[in-house]
Amino acid sequence: MMSNITFANPEYLWLLLVIPLLVVFYILRQQKTSPSLTFSSVKQLRDIPGSVRPYLRHILFAFRMIIIALLVLIFARPQSTDYWEDVSTEGIDIVLVMDISSSMLARDFKPDRLEAAKNVATEFISGRPYDRMGLVIFSGESFTQCPLTTDHAVMINLMREMQSGMIEDGTAIGLGLATAVNRIKDSEAKSKVIILLTDGVNNMGEIAPVTAAEIAKTLGVRVYTIGVGSRGMAPYPVQTAAGLRYRNMQVEIDEDVLQEIAGMTGGKYFRATDNESLNKIYAEIDTLEKSKISVQEYSRKREEHMPLAIIITALLLLEILLRYTVLRKFI
């Protein structure tokens, strides 16, 4: 539906004032150029049938004025301001919960687990423009990096700024999940989802992971969990007297707890062992959460110059036709 029309460049409308001046100029010129003959008597001319064709030549000038007016309107860029259209949207609120503990710097992913997780999550965010999304980070403690928002550019920037060492080290999975649940609990979205990514075992925080999962279940929040880390040994960062070094250590992920969280809330557990598998996991979650609904979306602007251009074209063709046919002898 379209109603109100506005102009992007209204200053061009002042050019319409030229049209009255051109009309006055045309009338004065016609008066000066009109031929005159002197007759002793007009009695003999009364029987000559009249013709309107000489007067039709003025229609060409009228066409020119209309064309100029329409060109001015096109330059002013007419736009509809309340155009609505039906679109499909997901109608889902999603909170990403990211582990930023020091172990996320392990280099069994390229360049490391944290950067790989950030890159894949960024693509996931960009691929869901209609969903509200939020970001919670945790290690030894937890906080909200970005509340639920549709401004994905802001969220992506905050995602890029996220790094290990921002908060106390450790792995407080339960606390991270509880923070995310608290953020999404008041959502009125059709579907409420949390995607929790970690590479370790819960060893800090006053809230147990299963307890946080029970709260999520009660509030109708679905939790997908992702365990990040290769199987066997991986190069972990270790602080030594000579600085940061990497040492091969056993990968330990509490898969039982992550599976329990996902199963309890109606989600699913995934294990990512490299960059490629992490990409596939987010792609699968993206597919699972495609619960589309039809809504009406407001389109901010829509250009409306095309009908004017069509009228101009039609008038030009009509003028050419008249000029070289009916009015050829009177021009």
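The values are calculated or read from the model by the stated rules, or taken from the named source; none is laboratory data. As the structure is a computational prediction, the values presented were derived from the model and not from experiment. Note that we place each Cβ from the backbone using ideal geometry, even for glycine, and neighbour counts take in every protein chain shown.
General observations
- Number of residues in the range 232-268 that are surrounded by fewer than 11 Cβ atoms within 10 Å (Cβ to Cβ) and closer than 18 Å to residue 116 by Cα: the value is 0.
- Exclusive hit being at pLDDT 95 or above and under 18 Å from residue 93 (Cβ atoms), set 226, 173, 194: 194
- Residue under evaluation residue 189, criteria (1) in a loop (DSSP other than H, G, I, E, B); (2) modelled with pLDDT of 95 or more, criterion not met: (2)
- Residues of the range 97-135 that are in a loop (DSSP other than H, G, I, E, B) and buried (at least 17 other Cβ atoms within 10 Å of the Cβ): 100, 101, 106, 108, 109, 112, 128, 131.
- Remark: pairs (first residue in the range 56-84, over 23 Å from residue 14 (Cβ atoms); second residue modelled with pLDDT under 85 and of a type in the set (Lys, Arg); Cβ separation under 9 Å; 6+ apart in sequence or on different chains) = 60/323; 83/300; 83/301; 83/302.
- Test result for residue 169, surrounded by fewer than 22 Cβ atoms within 10 Å (Cβ to Cβ), of a type in the set (Asp, Glu) and either out of contact with any strand residue (DSSP E or B) (no Cβ under 8 Å at 6 or more places or on another chain) or not assigned by TED's automatic domain parsing to the domain that holds residue 204 (or both): yes
- Considering the range 1-89, there are no qualifying helices (runs of 4 or more DSSP H) wholly inside with 1 or more residues that are exposed (fewer than 13 other Cβ atoms within 10 Å of the Cβ), of a type in the set (Val, Ile, Thr) and modelled with pLDDT under 55.
- Candidates 176, 170: the one that is part of a helix (DSSP H, G or I) and either charged (D, E, K, R) or in contact (Cβ under 8 Å) with a residue 40 or more places away in the chain (or both) is 176.
- Residue check, residue 124 touching a helix residue (DSSP H, G or I) at 6+ places or on another chain (Cβ under 7 Å) and closer than 27 Å to residue 219 by Cα: yes
- Test: residue in the range 221-241 that is of a type in the set (S, T, N, Q) and in contact with a Leu (Cβ under 9 Å, 6 or more places away or on another chain): yes
- Conditions (1) within 10 Å of residue 96 (Cβ to Cβ); (2) out of contact with any Lys or Arg (no Cβ under 9 Å at 6 or more places or on another chain); number of the one not met by residue 138: (1)
- Top-ranked residue of the range 201-231 - restricted to ones that are without any contact (Cβ under 8 Å) to a residue 40 or more places away in the chain and within 24 Å of residue 290 (Cβ to Cβ), ranked as surrounded by the fewest Cβ atoms within 10 Å (Cβ to Cβ): 220
- Of residues in the range 145-167 being outside any helix (DSSP H, G or I) and of a type in the set (Gly, Ala, Ser), the one farthest from residue 104 (Cα to Cα): 165
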